[in-house]
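Heads up: the structure comes next, in structure tokens.
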Amino acid sequence: AQTVTQSQPEMSVQEAETVTLSCTYDTSESDYYLFWYKQPPSRQMILVIRQEAYKQQNATENRFSVNFQKAAKSFSLKISDSQLGDAAMYFCAYGGATNKLIFGTGTLLAVQP
Amino acid sequence: GAVVSQHPSWVICKSGTSVKIECRSLDFQATTMFWYRQFPKQSLMLMATSNEGSKATYEQGVEKDKFLINHASLTLSTLTVTSAHPEDSSFYICSARDWTDQETQYFGPGTRLLVL
């Protein structure tokens, strides 16, 4: 069975600085997708970025980028120029052949002004 | 694009009553919708997968007679918590998958249920 691990329960970053959130996963599948979702205090889950496993190029979305290391089964999220609005719980998720999402336990990110 | 709504956003009910939560995909057709439950400061727990026109598939440990799911159209799925009890109090979130993009789930804003 697939698993997703987020080893950082909490992280803190200064406004305008860069922070990296870690995520590792375990799977025997070759085709899958990886996602980062953001859940602010409103609790609305927002898709931040997604990565197709067959693509070697790391996905980027404005200030958000990933470091996808398929052999190491690592999928970290880098947030550049952090803003106060980035403060939220971040969930890493795996989507494979079952068509279900498997979520990590989340990382609570605080942004200090 | 890819907007999912949920109604109601907040509901308080008495123990023993039933509560229906609606999940709608507003600008796309969703052949598959998912229902999750989330406890405070925890991750999302998948309850069931709902496919349009067929019976929902429930995760192990989820009582299908207690949590009734109906997916009657390509834009609407409903979750009915029957004979609700205080232990059913939680945050319920739905998600939907656009039939043109089978990999990404888009989430509704969630429904807070409090059973007194």
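The values are calculated or read from the model by the stated rules, or taken from the named source; none is laboratory data. If you're wondering where the values come from, they're calculated on a predicted model, not measured in any experiment. Methodologically, a virtual Cβ is constructed for each residue, glycine included, from the backbone with ideal geometry; neighbour enumeration extends over all protein chains shown.
Here B:A56 meets the list (1) at pLDDT below 95; (2) surrounded by fewer than 19 Cβ atoms within 10 Å (Cβ to Cβ) almost entirely, failing just condition (2).
Inspect the stretch A:89-109 for any residue being assigned to a loop (DSSP other than H, G, I, E, B), away from chain B (no Cβ under 14 Å) and polar (S, T, N, Q) and give the result as yes or no.
Keep residues of the stretch A:89-109 that are assigned to a loop (DSSP other than H, G, I, E, B), which gives A:96-100, A:104-106.
Keeping just the survivors that are away from chain B (no Cβ under 14 Å) gives none.
The answer is no, given that none of the residues of the stretch A:89-109 is assigned to a loop (DSSP other than H, G, I, E, B), away from chain B (no Cβ under 14 Å) and polar (S, T, N, Q).
Taking the condition more than 14 Å from chain A (Cβ to nearest Cβ) and either among the aromatic types (F, W, Y) or buried (at least 16 other Cβ atoms within 10 Å of the Cβ) (or both), does B:H71 pass?
Numbers: more than 14 Å from chain A (Cβ to nearest Cβ): yes; either among the aromatic types (F, W, Y) or buried (at least 16 other Cβ atoms within 10 Å of the Cβ) (or both): yes.
Against the criterion (more than 14 Å from chain A (Cβ to nearest Cβ) and either among the aromatic types (F, W, Y) or buried (at least 16 other Cβ atoms within 10 Å of the Cβ) (or both)), B:H71 qualifies.
There is at least one residue in the stretch B:51-60 that is closer than 30 Å to A:L108 by Cβ, of a type in the set (D, E) and within 14 Å of another protein chain (Cβ to nearest Cβ). Which is within 14 Å of chain B (Cβ to nearest Cβ) and under 30 Å from B:R112 (Cβ atoms), of A:P113, A:P41? Exactly one of A:P113, A:P41 is within 14 Å of chain B (Cβ to nearest Cβ) and under 30 Å from B:R112 (Cβ atoms), namely A:P41.
As a summary of the residue check, B:S25 satisfies the conditions (1) in contact (Cβ under 8 Å) with a residue 12 or more places away in the chain; (2) buried (at least 17 other Cβ atoms within 10 Å of the Cβ); (3) within 14 Å of chain A (Cβ to nearest Cβ); (4) among the small types (G, A, S) except for the one numbered (3).
Within the stretch A:1-25, the set of residues being assigned to a strand (DSSP E or B), within 16 Å of the chain's Cα centre (by Cα) and surrounded by fewer than 16 Cβ atoms within 10 Å (Cβ to Cβ) comprises A:T3, A:T5, A:E10, A:S12, A:T20.
Taking the numbered list (1) over 26 Å from A:A93 (Cα atoms); (2) within 11 Å of chain A (Cβ to nearest Cβ); (3) β-branched (V, I, T) in turn, B:V19 passes all entries but (2).
Filter the stretch B:1-20 down to the residues that are of a type in the set (S, T, Y), out of contact with any helix residue (DSSP H, G or I) (no Cβ under 9 Å at 6 or more places or on another chain) and in a loop (DSSP other than H, G, I, E, B) and list them by number. B:S9, B:T17, B:S18, listed by residue number.
Under the condition of being part of a strand (DSSP E or B) and not aliphatic (A, V, I, L, M), the residues counted in the stretch B:30-45 number 7.
Of all the residues in the stretch A:44-66, those that are crowded, with 16+ Cβ neighbours inside 10 Å and either more than 21 Å from A:T5 (Cα to Cα) or not small (G, A, S) (or both) number 9.
For B:T17, indicate whether it is modelled with pLDDT of 95 or more and over 23 Å from A:Q44 (Cα atoms).
yes
Of these, A:D31, A:D26, which one is within 14 Å of chain B (Cβ to nearest Cβ) and under 27 Å from B:Y36 (Cβ atoms)? Checking each option against the conditions leaves just A:D31. Inspect the stretch B:91-103 for any residue being away from chain A (no Cβ under 14 Å), farther than 15 Å from B:H7 by Cβ and in contact with a Lys or Arg (Cβ under 9 Å, 6 or more places away or on another chain) and give the result as yes or no. Looking through the stretch B:91-103, none of the residues is away from chain A (no Cβ under 14 Å), farther than 15 Å from B:H7 by Cβ and in contact with a Lys or Arg (Cβ under 9 Å, 6 or more places away or on another chain).
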